[in-house]
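Take a look at the structure below.
Just so you know, all these numbers are worked out from the coordinates, no wet-lab data involved. Keep in mind it's a predicted model, so treat the numbers as computed, not measured. Cβ atoms come from the backbone with ideal geometry, glycine included; neighbour counts cover every protein chain shown.
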Amino acid sequence: MRFPPRITRIGAAAAVLSALLVGGAVTATPAAAAVGSICYSDLPSQAYDTLDLIEQGGPYPYSQDGVVFQNREGVLPSRSTGYYHEYTVITPGSSTRGARRIVTGEKTQEDYYTADHYDTFDLVDYGC
């Protein structure tokens with residue numbers, strides 16, 4: 001059985017549950033509302049390879065891997081520059097990097113998957 005490389009990460013659902021349990025308020029930004037979720041087990045196999053490389057610190061197949069993701073589209077929650085980094089998820093048969101990426105967030109260590117070059121994102125849920 002394969003175990004997720006980042007099983008210890010706190011996901012968005014856990015943060016919401018924690019806030020509700022202690023009586024806190026939960027607010028969502030418009031960008032955060034546009035983000036879906038995906039079970040770790042539903043990711044394409046190449047995403048597992050990318051997550052493993054991120055956990056190991058590389059080496060990465062493309063020089064662009066690990067660069068700061070600017071979030072110009074505004075789909076992900078707004079954070080300071082340098083918070084997000086992007087990594088290629090290899091697309092079999094593609095002669096280029098393709099459209100698939102993992103975008104990581106540093107402070108809460110969240111992982112997002114996009115299959116359509118930043119049009120939509122799914123927060124990776126390691127608990128399902």
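For residue 98, list long-range residues whose amide hydrogen, built 1.01 Å from N in the peptide plane, is under 5 Å from its own amide hydrogen.
Placed amide hydrogens put nothing under 5 Å from residue 98.
About the Cα centre of the range 56-127, how large is the charge dipole given +1 on each Lys and Arg Cβ and -1 on each Asp and Glu Cβ? Please answer in debye to the nearest 20.
Working: 6 positive and 10 negative charges, 43 e Å.
For this selection, approximately 200 debye.
Mind ordering 39-52, 70-83 by average Cβ neighbours within 10 Å, highest first? Don't skip to the end; give the middle numbers.
Working: 39-52: 16.4, 70-83: 14.1.
The most tightly packed comes first, giving 39-52, 70-83.
Compute the signed sum of charges (Lys and Arg +1, Asp and Glu -1) over the other residues within less than 12 Å, Cβ to Cβ, of residue 87. Could you put the intermediate results ahead of the total?
Numbers: positive: 97, 100, 101; negative: 49, 52, 55, 65, 86, 111.
My count for the surroundings of residue 87 gives -3.
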